[in-house]
Amino acid sequence: MAGNSGRKRALHKLTHSEAAPGIVLMTCAAIALVLANSPLADPWHELFHHTLPWTPVPKLDTLHLWINDALMAVFFFVVGLEIKREILDGELSSASRRRLPVIAAVAGMVVPALIYLGIAGGDPALHRGWAIPSATDIAFAIGVLALAGKGLPSSLRLFLLTVAIVDDLGAVLVIAFFYTTGLDLMWLGIVAAIFLALVVVNRAGVSSLIPYILGAVALWFAVLHSGVHATIAGVLAALTVPLALNKEHDSPLLRLEHALVAPNGFLIVPLFGLANAGVALGSIDGGPLALPIAIAAGLLIGKQVGILGSIVAAEKLGIAKRPAGATIRQLWGLSLLCGIGFTMSLFIASLAFPQSPLLVEEAKLGILGGSIISALAGLFLLKGSVKGQT
């Protein structure tokens, strides 16, 4: 009996730890990488890419497509809920609060893209990958930050979260505007009608979750056929979920976010890692080395230069103050953690080179290399800063 209660306490501690989702994601990425380079590589690839004997949605005929186009829509739904909550009632709700995170996030997307184009821009076939190193993996970054120790100022975690949320918003816009092809006007009209219906439900003060969930599924199905990537439906649906608190200080948005955070962190994102992180090292011989080098440099160098540089510049110009109690070393470490692209970078890579499996594999190599080095370097700086370095 005592053993059972001990295991329950350990499980509760694990699932409520900020580091846990990041650790689970790292583990899944490692498993995928090992299996992709083992004798089980072929059956592992078949598991995700073999045509399913039956599927309720003909456009999604492999497990890989179900994960990337359906489950990841739920991931983006959670991202959308977080963005809306932060804008209406969080760190992005006032100009003074959002000024520095927005500046840092934008610089942290632009500089990596410029570094990528500076290295890989000579090859027109690689141009579509410019956004790959611009993304930050919030679960991975927060997990590494939690591993750095408790002596860090709480403002660092809040700042990292806010920058990552703005970064996610930027990634959503990039996907919508730069990785959308072959638009179907009829389906776009259906998307607009469903979205408008959800807005009407919101304005009518409906607090039941059922209309929003059913509407989100219908919206996803319509977006899937519209030419816009299906995951955008998650963000659109999230924007219609009401945040207004009732007498119990609860709301549909908070209920949905609370219900989906754990499945998102411990199921959806790890599954995405398993399906996408495995790169067969032997299969990339002859591929353009400029691609992984450009991505890794964008994540490792571009993120820290863009974010740390913009923080220092904003402070010196009197535009905004750095997070309270944070040293330059800690801000440098945090900027490095933002170079952990992983989930969103892998996702954008699959959109950037949909017809070239070799380029996707090359991109994975750059993403994994840049993210791992960024994580280790950021952890080293942050752990050292707890001892009092400035």
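The values are calculated or read from the model by the stated rules, or taken from the named source; none is laboratory data. Remember, it's a predicted structure, so these values are computed and weren't measured experimentally. When we count neighbours, we look across all protein chains shown, and the Cβ atoms used for this are built from the backbone with ideal geometry, even at glycine. Heads up: the accessible areas ignore ligands, DNA and RNA and are worked out on the full protein's heavy atoms, side chains in. Shrake-Rupley method; radii C 1.70, N 1.55, O 1.52, S 1.80 Å.
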Q | For peptides 41-49, 63-71, sequence by mean Cβ density within 10 Å, most packed first | A | 63-71, 41-49
Q.
Students often forget the sequence filter, so: which aspartates and glutamates lie under 16 Å Cα-Cα from residue 84 once same-chain residues fewer than 8 apart are removed?
A. 167, 168, 250, 257
(Q) When 1/r is averaged over all different Cα pairs and the result inverted, which Kirkwood radius in Å belongs to the chain? (A) 21.7
Q | Peptides 234-242, 221-229 ordered by average Cβ neighbours within 10 Å, highest first | A | 234-242, 221-229
Q) At a 1.4 Å probe radius, carbon and sulfur cover how many percent of the accessible area of region 255-384? A) 74
**Q.** Karplus (6.51, -1.76, 1.60) ³J(HN,Hα), θ = phi - 60°, over region 111-120, in Hz, Gly and Pro reported as x
**A.** 4, x, 5, 5, 5, 4, 5, x, 8, 9
Q. How large, in percent, is the carbon and sulfur part of the accessible surface of region 106-155 at a probe radius of 1.4 Å?
A. 71
Q) For region 104-217, taking Cα atoms only, what is the radius of gyration to one decimal and the Dmax to the nearest whole Å? A) 19.5, 55
**Q.** Estimated [θ] at 222 nm from DSSP helical runs (n ≥ 4, -39500 (n - 2.57)) normalised by residues in the chain, nearest 500
**A.** -21500 deg cm²/dmol
**Q.** Per residue accessible area of region 101-225, 1.4 Å probe, in Å²
**A.** 44
